[in-house]
Structures are given as C-alpha cells and as structure tokens.
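The values are calculated or read from the model by the stated rules, or taken from the named source; none is laboratory data. For clarity, every value in this text was computed on a predicted model and none was experimentally measured. With ideal geometry, Cβ positions are generated from the backbone for all residues, glycine too; neighbour counts draw on all protein chains shown.
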Amino acid sequence: MKNAVDRVEKVGVGLDKTISQEQKDMLVQAALKAREHAYAPYSGYAVGAALLTEDGLVYTGCNIENASYGATNCAERTAFFKAVSEGHRKFDAIAIAGGMVGREPEDYAYPCGVCRQIMMEFCTGAFPVLVVKSQEDYKEYCLEELLPFGFGGASIR
Ligand code: THU
C-alpha cells in the first residue's frame, strides 16, 4: 500500500513535515504500551494512543471508561488533551492500538468520529494516523482520508 505522504500529494493537501521510520516505530511501540493502562471494565476493549508533538515529545493516552457510559474518554482524546493542556498545539503524527483487554490486538484500531474531529481541530489534512495491529503490522493514513470534507475552524471564520 502506498503511504499517506504519496496519497496526500495526490489529493493536493500540503504536507509540512514527514516522520521517520524510527519515529513511526517508536510511536507504535508507545501506543501498544499505553494500552496497558486502559480502564475499560465495561467494554473490555483496551485502546492506547501515542501522539507526537511538533517539538518531538510523545504524549500517550488510554481509554478511560465510566459507569455513566457517555462520560468515557477515548485514548486519542486523552493523549490530545494531555498534550494541549501542557501547552502543545502542533502535532506530527498519532499511533493508535486497540483490542480486548489482556490480549494482543486482532485488528487495526481506527479512531472514532469524535476523535477524528478533535484531530481536525489541531492538525492539517496531512496529519499521519497510524492504525496498529502489532509492532510490525500497521497502516498509515492521513487525516484528510479519515475525515474528508471535515468541519473545522476555517468554516466559521
Ligand atoms: N475507544 C477509543 O479509545 N478510541 C476510539 O477511537 C474508539 C473507541 C474506546 C472507547 C471505549 O472505552 C471502548 O473503546 C469501546 O468503545
């Protein structure tokens, strides 16, 4: 499969920065590790995310469920909110891994619609999203592919 950078060029979204293979490997590993902290007693589905800031820091997140189900926070949003609350607003990539608690992921973990919308708030269409099955097996998309014709700040300015 062609990587997101090639596809981004095809769809005409400007790409300011690419990330290295080492950075991808590191993000994938961090997302898999972050799953271990998932608090998912209701769904039993553990998600980990690792978000790379423009200045090279990694913020991880896990899903945090609640008895009032709607109060649950996804792993990706945990990572974004941690980073933004620490002063970061520019991001280079995110990796996401999900699967049943206590087991290895059986499939790629695609972000939910709300998390795609949060990405839209802080990232360009070229933002790389790595969906992870294992350290060696992941796919790369850009945000524009996952959220085409998205609604963002530019729409209301
Ligand atoms: N979940 C995430 O953490 N990220 C997503 O993008 C999809 C869903 C979590 C929320 C809930 O704790 C569990 O997965 C099952 O929906």
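So here's what we get for this one:
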| item | result |
| --- | --- |
| Test: residue in the range 90-102 that is away from the ligand (no atom under 15 Å from the Cβ), more than 10 Å from the chain's Cα centre (by Cα), touching a residue at least 12 places away in the same chain (Cβ under 8 Å) and loosely packed, with under 13 Cβ neighbours inside 10 Å | no |
| Any hit, the range 129-152, residues being part of a helix (DSSP H, G or I) and within 11 Å of the ligand (Cβ to nearest atom) | yes |
| Residue ID - surrounded by the most Cβ atoms within 10 Å (Cβ to Cβ), chosen from residues in the range 105-157 that are under 18 Å from Ala34 (Cα atoms) and among the hydrophobic types (A, V, I, L, M, F, W, C) | Val132 |
| Counted residues, the range 69-84 - those being more than 8 Å from the ligand (Cβ to nearest atom) and either aliphatic (A, V, I, L, M) or surrounded by fewer than 17 Cβ atoms within 10 Å (Cβ to Cβ) (or both) | 8 |
| Meets criteria (in a helix (DSSP H, G or I) and at pLDDT 95 or above) for Val84 | yes |
| Meets criteria (within 11 Å of the ligand (Cβ to nearest atom) and within 10 Å of the chain's Cα centre (by Cα)) for Cys115 | yes |
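One line per residue, one yes/no per condition, for (1) hydroxyl-bearing (Ser, Thr, Tyr); (2) under 27 Å from Ser155 (Cβ atoms):
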| site | (1), (2) |
| --- | --- |
| Phe91 | no, yes |
| Ala97 | no, no |
| Met100 | no, no |
| Asp107 | no, no |
| Val114 | no, yes |
| Val131 | no, yes |
| Ser134 | yes, no |
